[in-house]
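Data block below; observations after.
The values are calculated or read from the model by the stated rules, or taken from the named source; none is laboratory data. All values reported here derive from a predicted model rather than from experimental measurement. Counting neighbours? That spans all protein chains shown, and the Cβs are built from the backbone with ideal geometry, glycine included.
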Amino acid sequence: DAKTTQPPSMDCAEGRAANLPCNHSTISGNEYVYWYRQIHSQGPQYIIHGLKNNETNEMASLIITEDRKSSTLILPHATLRDTAVYYCIVRVGNRDDKIIFGKGTRLHILP
Amino acid sequence: EPEVTQTPSHQVTQMGQEVILRCVPISNHLYFYWYRQILGQKVEFLVSFYNNEISEKSEIFDDQFSVERPDGSNFTLKIRSTKLEDSAMYFCATTPGFADTQYFGPGTRLTVL
């Protein structure tokens, strides 16, 4: 079973920052937080991952709380193309091979 | 940017027929995976493959399923005798190293009639 909890759905206005929360209260010290998204019926797309420091790339920012029990994925300027299901996943680096997907958060970007 | 590709994009077959789904991994990737997603359900792990051997397989991956890398480039998933419940999207994923970030292909939609 997935080790994370995410809201089933969220709305965000186009042009605004989309903040997607994820709870992973049982995370271990060697587990990374990964985010993927799946645009309707397409393959999951890697977004970002981190261990304990905040991370940023061209797609998004990942904010991990100091106790690492939760994190937030931030899409800084959401567009209609960001409408997708977003998956928060925890994996042990160098050990967890397969990805176990949960139900994710269905993000609707509103025009 | 290198991508994982999959063919065909859509396969329709009759129950009991054999199907082969194909994946071309990113060129320097060594670990390969198949996942499936039944309509409206979660993405599920099927099998992982490295060095021409299955590393891990799920309960779903029964004797009807097989994987191989026949020519050093394509990575294939074969279903010997398809059932109605095999209808799903099948995704290939690849990664350069063990437990690295996985990159997924666009998927093959399999419809079993």
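In table form, for the structure just shown:
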quantity: Answer residue from region B:39-53, given it is surrounded by 14 or more Cβ atoms within 10 Å (Cβ to Cβ) and not acidic (Asp, Glu) and is modelled with the lowest pLDDT among those; calculated: B:Tyr50
quantity: Failed item in (1) in contact with a helix residue (DSSP H, G or I) (Cβ under 8 Å, 6 or more places away or on another chain); (2) at pLDDT below 95, with A:Ile109 passing the rest; calculated: (2)
quantity: Complete set of residues in region A:80-111 that are part of a strand (DSSP E or B) and more than 14 Å from chain B (Cβ to nearest Cβ); calculated: A:Leu107, A:His108, A:Ile109, A:Leu110
quantity: Selected residue (criterion: farthest from the other protein chains (Cβ to nearest Cβ)) from residues of region B:94-105 that are assigned to a loop (DSSP other than H, G, I, E, B) and more than 21 Å from B:Thr82 (Cβ to Cβ); calculated: B:Pro96
quantity: Residues of region B:55-93 that turn out to be within 14 Å of chain A (Cβ to nearest Cβ), of a type in the set (A, V, I, L, M) and in contact (Cβ under 8 Å) with a residue 60 or more places away in the chain, as a count; calculated: 1
quantity: Test: residue in region B:68-78 that is assigned to a strand (DSSP E or B), among the small types (Gly, Ala, Ser) and surrounded by fewer than 20 Cβ atoms within 10 Å (Cβ to Cβ); calculated: no
quantity: Boolean, B:Val4 is among the aliphatic types (A, V, I, L, M), in contact (Cβ under 8 Å) with a residue 60 or more places away in the chain and at the interface with chain A (Cβ under 9 Å from one of its Cβ atoms); calculated: yes
quantity: Some residue of region B:58-68 being of a type in the set (Gly, Ala, Ser), in contact with a Phe, Trp or Tyr (Cβ under 7 Å, 6 or more places away or on another chain) and under 22 Å from A:Pro44 (Cα atoms); calculated: yes
